[in-house]
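> There's a structure below that I have some questions on.
Where a number appears in this text, it was derived from the coordinates with a stated rule and is not lab data. Note that the structure is a prediction, hence the values are computed from the model and not measured. Don't worry about glycine lacking a Cβ; one is built from the backbone with ideal geometry, like all the others, and counts go over all protein chains shown.
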Amino acid sequence: MNRYKFFIFCLCLICGGHLAAKDYYATDFGVKADGKTLNTNAIQKGIDFVNEQGGGRLVFTAGNYLTGSIYLKSNVTLHLEEGATLLGSTNPWDYEKDSYIRWMAMIFAVKQQNIGITGKGTIDGRGFQTANNMIDYIQRGIYQDPLKLGRPNETNRPQNITFRECENVTIQDITLRNPASWNQTYDQCKNLYVDGIRVDSKSYWNNDGIDIVDCDGVVLKNAFIDAADDALCFKSHDAKSMCQNVVVENCVGRSSASGLKFGTVSRGGFRNFKVKDIKIYDTYRSAITFAAVDGALIENIEVDGVRSIHTGNVIYLRIGDRWSAGKKPVMRNITIKNVYAEIPMEKPDAGYNYEGPIEDLPRNISPASIVGLPEYKIQDVTLQNIEIVSPGGGNAYYAYRGLAPADLDSIPEMRTAYPEFSQFKELPAWGFYIRHAEGITFDNVTFKALKKDYRPAVVTDDAEGVTFRNVRFVEPESEGKKQIFPYKSKVVKLD
Amino acid sequence: MNRNKLWVGLIGLLAFVTSLSAKDYQAVMFGIKSDGVTLNTRSIQRAVDYISEQGGGRLVFYVGRYLTGSVELKSNVTIRIEEGAVLVASPSVYDLKGPDGCNALFYAVKQKNIGIGGKGIIEGRSAAVRASIEDQLQKGHIQGAVADYEPALVCLEGCKEVKIEQLTLQDAGRTAEVYKDCRNVTVDKVVVHGGTSGQKAVSVSGCDGLEMTDCYFDVEAEPLQTDGTSRRLSFMNCVTPDGKKVSCEK
């Protein structure tokens, strides 16, 4: 018995000793906090040294630390104290384009364990200048890039953080700013814990907030993200991998694209998600976009608690067939509940850097949508306790899609297109449009239009088992208007 | 190794040169920025001048917001504003100019074979521009009336062979499109949103041959202004939000 206790005591001592990792100071490796000295090699020496000593924290005290690409190693945590900033070099040559990952980044980690970046300090990529310097190199012909859409390819601009195939990753309290490309990518990582981060990511094109790709075991909580591209973004690049076992809690997102997004690259899938209490505001596209356009399996997803304020669209679920390569897309068993959404008449993200592109005109306010494909239906979606306030006011002379079979059949399938809520241009409903779906339940849902619209609130097309329970419609000057229009559908209305 | 680099450099240079001789010119090649913050007036003007000097072509703007003051169009140059691209007016009165009494974001005098097209947008930011004008008038730094300075989005004088197509023109401080003494103008699938500015959509005077098709005019005022000095005007399927057809017959 005593012996057993002693053993436990020793074990605790060992573990405790390991957890209370040793601190090393970056300045002891000759790293300068002057914002001018390029510290790449000195910081790398610090990381390598701490790793060789068995692990610990490399601590950056207040100051500005200029750096290019560095590689984080097992058992090392970069700790940025309040007032400390890792400042990205604005010279693209100072960044590696990693031969395995094939992207550029400031902080890489590849196949490492027990790593982290913590503290109240900042990582500032200064991406606008870096991206524009890259354009200069390309125009001088000393770097090859087609400059598609007038910008260097996103793999030719540095991210702030790119981790690949790592285990036990902790990202805590830090602020991430101004990447030149995506901001932070965690790809095929296991046990990823992200807590209390702040993100200001709108200095250049494709500035996502966070990209979690094919990770297993993820906690993402207490994040504030303001991003030009998708804010809370989950992707699946590998058809044999998946984003799964994920908890997202108490996050705030602002985006000139979508708030919470699955995709666009969606090969393997997204499974077992629990999303609780997210707020999305001033967001150009959808608060929630789940896209299975590259063969993804999306199942067992619960979203509970969404406030979507001054945001262009609330829910967009889409199956497509873009890069599926024969893999069959599936989307089923999705619950979205306790949602309040306000959609503005004007552009939701006006005035933010790198505003979302105005496209698919002419088009009146677009409805929330669930759109599958004829042979791949979206299955078993429950929408519960929801209120959507829409501006309404759809004008048939500006853009028109009627309810005649020819009108509804004229809506293109767009199997291979990039999935966005606006992609079909004018849709025939102001509140919700459902096509190629089965088992869709609306329970205690209010649709409210602030102005009279020429369209009904809801149109279903090729939908089976659509149930409306306790659903209300509010639209001015529209007494007696038939607000649910089923077409080739089986719809039940219960009150 | 060095030799290799030289080769890469030479090939790059060659690619650069051949791309310049093509008919389409990317805005980014002229240092024009899509960030909505950088004022691009001089870069855009340089691009237009350059393309015109080279014998003509299209200046292509891809997705993004391009802040600019007034730009003068030159013969054989087409401004191509692709879907998702917005050319945004600078809100300073000092960034605006145009032919006598017609400040405009895009203007031209006696040019031929010019155009503006694409599914993009030209945005006038009338309130911000007016605020700048009023402020400077009040301080006495400029003289006259607000209306003397407020810009159209497109003002063409004495131009020939003009094509305006697919654009959305919004929030202009004066009539969005002004055509004066022009010949052979076609305007196709143009949407004008006036907002609350109370401005007209189109003004035509002294023109010979102007054809407008499939346009949508969402303005508070009467959309069209003609003074009887033009000939061969036609308006096909141009409507207002209440479905009324626009025509020049009064």
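> Take the Cβ-Cβ distance between A:R469 and A:K36 as r, set R0 to 51 Å, and report the resulting FRET efficiency rounded to the nearest 0.05.
Once rounded, the FRET efficiency stands at 0.20.
> With only alpha-carbon atoms counted, please give the Rg and Dmax of region A:152-288, in Å.
13.3, 37
> I would also like to ask the following. Return A:K493, B:K245 ranked ascending by Cβ neighbour count within 10 Å, so the fewest neighbours appear first.
In order of increasing Cβ crowding within 10 Å: B:K245, A:K493.
> Related question: Quick test of the membrane-span-like rule: which DSSP H helices of chain A reach at least 20 Å along their long axis (C-alpha atoms) with mean Kyte hydropathy at least -1.0?
A:2-19
> Then there is this: So for region B:22-236, what are the equivalent ellipsoid semi-axes in whole Å, largest first, each being the square root of 5 times an eigenvalue of the Cα gyration tensor?
23, 23, 16
> With only Lys, Arg, Asp and Glu charged, each at its Cβ (+1 for the first two, -1 for the last two), find how big the charge dipole of region B:22-236 is about the Cα centre; round to the nearest 20 debye.
540
> Ranked highest first by average number of other Cβ atoms within 10 Å, how do A:288-296, A:380-388, A:210-218 line up?
Descending mean neighbour count gives A:288-296, A:210-218, A:380-388.
> Counting other C-beta atoms within 10 Å, which of A:W182, A:W205 has the fewest, and how do the rest follow?
A:W205, A:W182
> Sketch the reach of a paramagnetic label on A:V492 as a point 7 Å from Cα along Cα-to-Cβ, and name the residues of region A:307-339 whose backbone nitrogen lies under 13 Å away.
Answer for region A:307-339: none.
> Right, next: Of the listed peptides A:224-231, A:191-198, what is their order by residue-averaged count of other C-beta atoms within 10 Å, with the highest listed first?
My ranking of the peptides, most packed first, is A:224-231, A:191-198.
> What list of ³J(HN,Hα) couplings, whole Hz, do you get for region A:238-249 from phi and the Karplus terms 6.51, -1.76, 1.60, once you set θ to phi - 60° and write x for glycine and proline?
10, 5, 9, 10, 7, 8, 8, 6, 10, 10, 10, 9
> Per residue of A:132-141, how many C-beta atoms from partner chains lie within 10 Å of its own C-beta, taken as a mean?
Taking the mean over all residues of the peptide, I get 4.
> Just need log10 I(q)/I(0) for region A:350-442 at q = 0.14, 0.15, 0.18, 0.23 Å⁻¹, Debye formula, equal scatterers on the alpha-carbon atoms, no solvent, rounded to two decimals.
Once normalised to I(0) and log-transformed, intensities are -0.61, -0.70, -0.98, -1.37.
> Rg and Dmax of region A:393-475 over Cα atoms: what are they, in angstrom?
Rg and Dmax of region A:393-475, Cα atoms, are 13.4, 36 Å.
> Which order, highest average first, do B:147-160, B:84-97 follow once you tally other Cβ atoms within 10 Å for each residue and take the mean per peptide?
B:147-160, B:84-97
> Also, I was wondering about something else. What residues qualify as long-range amide H neighbours of A:W103, i.e. H under 5 Å apart, gap of 5 or more or another chain, H built at 1.01 Å from N?
Counting only residues 5 or more places away or on other chains, the set is A:D98.
> Could I ask something else about it? Counting pairs of Cα atoms in region B:161-243, how many percent are more than 17 Å apart?
Percentage above 17 Å: 41.
> Something else about it: Enumerate the whole-percent occupancy of each 10 Å bin, from 0 to the last occupied one, for all C-alpha pair distances of chain A.
Pair shares across the bins are 4, 19, 28, 22, 14, 8, 3, 1, 0.
> Over region B:110-250, what is the percentage of antiparallel beta bridges among all DSSP beta bridges, to the nearest 5?
Given both bridge residues lie in region B:110-250, the antiparallel proportion sits at roughly 0 percent.
> What does the net charge come to around A:N385 if you take all other residues with beta carbon closer than 10 Å to its beta carbon, with K and R at +1 and D and E at -1?
Cβ neighbours under 10 Å give a net charge of -2.
> Just to be sure I understand the model, the point goes 7 Å from the Cα along the line to the Cβ. What's the resulting A:T170 to B:D148 distance in nm?
So the two model labels end up 6.9 nm from each other.
> Next up: Can you pull the one-decimal nm distance between simple spin-label points at A:D145 and A:A350, each 7 Å off the Cα toward Cβ?
With each label placed 7 Å out from Cα toward Cβ, I get 3.2 nm.
> Okay, next question. What are the extents of the Cα atoms of region B:104-219 along their three principal axes, in Å, largest first?
Principal extents (largest minus smallest coordinate, Cα): 43, 27, 20 Å.
> For region A:186-229, what is the largest minus smallest coordinate of the Cα atoms on each principal axis, given in angstrom and ordered from greatest to least?
Largest to smallest, the principal-axis extents are 30, 20, 9 Å.
> Shielding of B:76-89 by partners, i.e. mean partner chain Cβ atoms within 10 Å per residue?
2
> Just grab the label-to-label distance for A:E477 and B:E134, each label 7 Å out from Cα along the Cβ direction, in nm (one decimal).
3.1
> On a 0 to 90 degree scale, rounded to 10, what angle separates helix B:41-53 from the longest Cα axis of chain B?
It is inclined by approximately 80 degrees.
> Separate question: Averaged over its residues, how many other protein chain Cβ atoms are within 10 Å of peptide A:391-400's Cβ atoms?
Average neighbour count from other chains, rounded to a whole number: 2.
> If each DSSP helix of 4+ residues adds -39,500 (n - 2.57) and the sum is divided by the residues in chain A, what number results at 222 nm, nearest 500 deg cm²/dmol?
Helix contribution divided over all residues of chain A: -3000 deg cm²/dmol.
> A further question follows. Going by alpha carbons, how many degrees (0 to 90, nearest 10) lie between the helix axis of B:2-21 and the longest principal axis of chain B?
20
> Show the residues, 5+ positions off or on another chain, whose built amide H is closer than 5 Å to the amide H of B:K97.
B:S70, B:A104
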